[in-house]
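Input: a single structure, listed below in structure tokens.
The values are calculated or read from the model by the stated rules, or taken from the named source; none is laboratory data. Please read all numbers here as calculations on a predicted model, not as lab measurements. As a convention, Cβ positions derive from the backbone with ideal geometry for all residues, glycine included, and neighbour counts pool all protein chains shown. For accessibility, only protein heavy atoms count, side chains too; no ligands or nucleic acids. Shrake-Rupley method; radii C 1.70, N 1.55, O 1.52, S 1.80 Å.
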Amino acid sequence: MKWNHRLTIFLALGLLVGSIPNETSAHSDIQVKIDNHPISFEQAPMIYHDFTMVPMREIFEKLGAEVNWNQDTQTVIASKDNVTIQLKIGSTYALKNYQQIPLDVPAFVQTGRTVVPLRVVSESFGADVIWEKSTKTVYITSPQEKIESDPSIAILTMEDAVKSAEAHSYDMKTAQQNIESNDIKMEDAADELEYTPIGTGNGQDDAAVRSAFKQVASSNINYSMSKKQAEVTSDQVRFSVMKAYQDILVKQNDVIDREESLEVAQMEEQAALAKAKMGRISEVEKNQIMKARTEAEKNVQTAKTALSDAWTKLNTLMGKSKDRTYLLADKPTYVEPEEWDVNTQITRMISSSPSIWLLEKQVELAELDVNLFSFNAGGNYDLTKMDVEKAQTTLARSKEQLEETIRSMYSDMERLKDQYHVLKINLQTAEDNLRVTEAKYAKGLVTALEVKRDKNSFNQKKRQLEEIAIQMDQLNHRWNKPWTN
């Protein structure tokens, strides 16, 4: 039976030299498993004052972290996502995002490798660590494995969300009913037609036959249109889900941004309170900084409310409980837009647009009214011809509007493309600045607050890239189906 043990895994990093305290003894029979997969080490695990210790690099890298060594400061730096861990040789604490985490024992070196306490593994990157005494096995469960194996955490893909929304959609059900209804009307209209008229007619009898023929033509068009409308409705539901799904991703990023800003505000407040005690800042300055922290807390709550609203919108589309949340599995990656010829795209979209198709059919029906007009049956021939002109004008205007939409989307895609490449350059600059600031911090030349600010700037730019990828994904969808907007 597995049970939590007062243990410490000492994680190792190469390129170091040094010695280990005498109280350490190697135990080659100690096993380490990450997500139930055995991990092999060049150096066997060991026991130190009842703490189990293993090399570091293999574990942190298996957990997806990037591990680096600063020779000048004798510091191990491990980074993953928005978390940075620093472990200095001989220190009794680690730094997680520049906040202290006390260690059970100081970090030290064993045959060229850094070793640190096990608790760092779980507190650093959210892994679970369990010691099984009977088999002398350390079980480490990564955060991703915890999510995938936890039945209480539902994973939602974009496709699953679309399927749920389509099944719940009133418009989808109505579209299907319209297909069935128009199919029946089409058959009824065909049964009423005695013969196919040719040319204009004269009198009530000719008008009745021509009316029946036009009803057949109209019902055929309505049936075809109802099938097209069902496709359009499906496209619109899919796009609505896409926007709601990806809006949650944006709102989640916003919460993280606000929380990181709050961390900075809290650090600034702590520094201000310390300075105020020493008389280095005025009461007014201190109060301003404290007010900024309060505002940062409000901003976090506002962002969380917006995220909750985004979940409500998606769940409403899917017909689910409004307060339900999921692990969203699909995050778009940036895809460079193809080098489209705009005029070619306009021609292609006009030929495939369901709304343009319907207007073209309405022109045909209006022309059919003229061609099959029955004189002396109460109608006005000139007004009937004017209906053709009206239908043609409406069609032409709709084509112009579609062209304007496509040209606008093309400009938006070009603008986003430029923004993305500029932001990539800015991200690299932010990363370079962060590395310099971290190096200065390791030498005691700057404060943790300055590092945190640069870290936030770097993280925010990464999230801005993610949001551009989302905007481009939606534009690409509309570019190929502009009627879904």
Some residue of segment 286-293 being within 30 Å of Met158 (Cβ to Cβ), without any contact (Cβ under 8 Å) to a residue 60 or more places away in the chain and not basic (Lys, Arg): no
Sole residue being within 30 Å of Ala303 (Cα to Cα), open to solvent by 50 Å² or more (accessible area, probe 1.4 Å), assigned to a helix (DSSP H, G or I) and not aliphatic (A, V, I, L, M), chosen from Gln229, Gln246, Gln252: Gln252
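A quick yes/no check of all residues on (1) assigned to a helix (DSSP H, G or I); (2) within 30 Å of Val451 (Cα to Cα); (3) touching a residue at least 60 places away in the same chain (Cβ under 8 Å); (4) in the same structural domain as Lys461 (by the TED database):
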{"site": "Asn178", "(1), (2), (3), (4)": "yes, no, no, no"}
{"site": "Ile221", "(1), (2), (3), (4)": "yes, no, yes, no"}
{"site": "Gln270", "(1), (2), (3), (4)": "yes, yes, no, no"}
{"site": "Gly279", "(1), (2), (3), (4)": "no, yes, no, no"}
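If only one of Val451, Val446, Val436 is in a loop (DSSP other than H, G, I, E, B) and assigned by the TED database to the domain that holds Glu338, which one is it?
Of the residues listed, the single one that is in a loop (DSSP other than H, G, I, E, B) and assigned by the TED database to the domain that holds Glu338 is Val446.
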Residue match in segment 384-403 (condition: at pLDDT below 95, over 30 Å from Leu359 (Cβ atoms) and open to solvent by 30 Å² or more (accessible area, probe 1.4 Å)): no
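Any residue at all in segment 394-407 that's outside the structural domain of Ser240 (by the TED database), part of a helix (DSSP H, G or I) and small (Gly, Ala, Ser)?
Taking every residue of segment 394-407 in turn, at least one turns out to be outside the structural domain of Ser240 (by the TED database), part of a helix (DSSP H, G or I) and small (Gly, Ala, Ser).
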Pair list, Cβ under 7 Å, 6 or more apart: segment 433-455 residue more than 17 Å from Glu260 (Cα to Cα), other residue open to solvent by less than 40 Å² (accessible area, probe 1.4 Å) and part of a helix (DSSP H, G or I): Thr437/Val451; Glu438/Val451; Tyr441/Ala448; Tyr441/Val451; Val446/Thr437
Residue list for segment 341-363, restricted to those being out of contact with any helix residue (DSSP H, G or I) (no Cβ under 7 Å at 6 or more places or on another chain) and not basic (Lys, Arg): Asp341, Asn343, Thr344, Thr347, Ser351, Ser352
Single condition Glu339 does not satisfy, out of (1) open to solvent by 40 Å² or more (accessible area, probe 1.4 Å); (2) not assigned by the TED database to the domain that holds Leu449: (2)
